[in-house]
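Here the structure comes first, spelled out in structure tokens, and everything after it is commentary.
The values are calculated or read from the model by the stated rules, or taken from the named source; none is laboratory data. Since this is a predicted model, take the numbers as computed values, not measurements. Here Cβ is always computed from backbone atoms with ideal geometry, including for glycine, and neighbour counts include all displayed protein chains. Keep in mind that these areas ignore ligands, DNA and RNA; they rest on the heavy atoms of the full protein, side chains included. Shrake-Rupley method; radii C 1.70, N 1.55, O 1.52, S 1.80 Å.
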Amino acid sequence: MIQRGVDLIVSIPGSPTAMNAVIDEAFKAGIPVVTLDSPVTTPNAINIDMNSYSYARTTALGLAKLLDGKGTILTVQGIPGTSGSELIKAGATSIFSNCPDIKVAGDLSGEWSNSVAQSAVLQWLSSNPQQIVAIWQQGSMFMGSVLALQQAGRPLVPVVIGNPDQNALAFWRDNLDKGFNSAGTANPPGAQ
């Protein structure tokens, strides 16, 4: 894109540092680089992001309140090592580490994909018979987590709805009368 002389580069980088050299090269060529939801460390990029740390604290605090501060949970991260995933994980950890009666039994990678999360949660559930009372997930993996619980024959427990999509909200609405409850927050465009 630099060689073609584009006017702007927009990226969601998978690493906070891997693209720094090429971003610096684009900067020298007069091409602005904007990153979304995954900040990089070079000062030559324009990082646009919500406050992922605060977002995660909100969902973790909501879940902790829902659970009255106790129980064994699973956590499902996005893509480990990426800026966004690490900031979200740190925000949730800041809440759960102050809740001594909430135990994280498994910390899984769902890669912000329902199918990957479903596979990871199902694999964990099949090899760990212990009861869990909730699943905290970073976002975009709600239905994968719910489907894994159903496929494993486990009771439906609160699954955090981070960055909700229509399926997650519809599921919540359709299952309220069956006792399903959760906590959640959005990654609204206005927060960018």
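General observations
- Radius 14 Å from Cβ of VAL10, net charge of other residues (Lys, Arg +1; Asp, Glu -1): -3
- Under-24-angstrom lysine pairs by C-alpha in the chain, whenever the two are 8 or more apart or on separate chains: 7
- Rounded tilt (10° steps) of 114-127 against the dominant C-alpha axis of the chain: 40
- Distant-in-sequence amide contacts of ALA134, defined by a placed amide H-H separation under 5 Å and a gap of 5 or more residues or a different chain, comprise LEU74.
- At a probe radius of 1.4 angstrom, the accessible area of region 38-156 per residue rounds to 44 square angstrom.
- Summarising the overall dimensions of region 58-97 from its C-alpha atoms, the Rg and Dmax are 10.7, 31 angstrom.
- Max mean-square fluctuation residue, GNM over the chain, Cα-Cα springs under 10 Å, options THR41, THR75, THR93: THR41
- Between region 134-150 and region 64-91, the alpha-carbon center distance in angstrom: 12
- Area accessible to solvent at LYS70, 1.4 Å probe radius, in Å²: 110
- Kirkwood Rh and Cα Rg combined as Rg over Rh, evaluated for region 110-192: 0.97
- Placing +1 on the Cβ of every Lys and Arg and -1 on the Cβ of every Asp and Glu, with no other charges, gives the chain a dipole of roughly 360 debye about its Cα centre.
- Compared with the dominant principal axis of the Cα atoms in the chain, helix 166-175 is inclined by about 10°.
- The angle separating the long axis of helix 52-66 from the principal Cα axis of greatest extent in the chain is about 10 degrees.
- Here r is the Cβ-Cβ distance between ALA29 and ASP101 and R0 is 35 Å; the resulting FRET efficiency, rounded to 0.05, is 0.05.
- Note on THR93 and ASN51: with the Förster distance fixed at 22 Å, the Cβ-Cβ geometry gives a FRET efficiency of about 0.90.
- Using 0.36 nm per residue and subtracting the Cα-Cα separation, the extra length available between GLN130 and VAL6 on full extension is 39.2 nm.
- Ranked from largest, the principal axis spans of the Cα set of region 114-159 equal 25, 18, 14 Å.
- D by Stokes-Einstein for the chain, Kirkwood Rh over Cα pairs, 25 °C, 0.890 mPa s: 139 µm²/s.
- Cα gyration tensor shape of region 43-156, rounded if a/c is under 1.5, else prolate or oblate by comparing a/b with b/c: oblate
- Interchain or long-range residues, amide H under 5 Å from SER109's placed H: GLN77
- Helix-derived mean residue ellipticity, 222 nm - over the chain, DSSP H n ≥ 4, -39500 (n - 2.57), to 500: -11500 deg cm²/dmol
- Compactness ratio for region 1-44: Cα radius of gyration over 2.2 N^0.38 Å (N = residue count) comes to 1.04.
- More than 16 Å apart - percent of Cα-Cα pairs taken over region 8-104: 58
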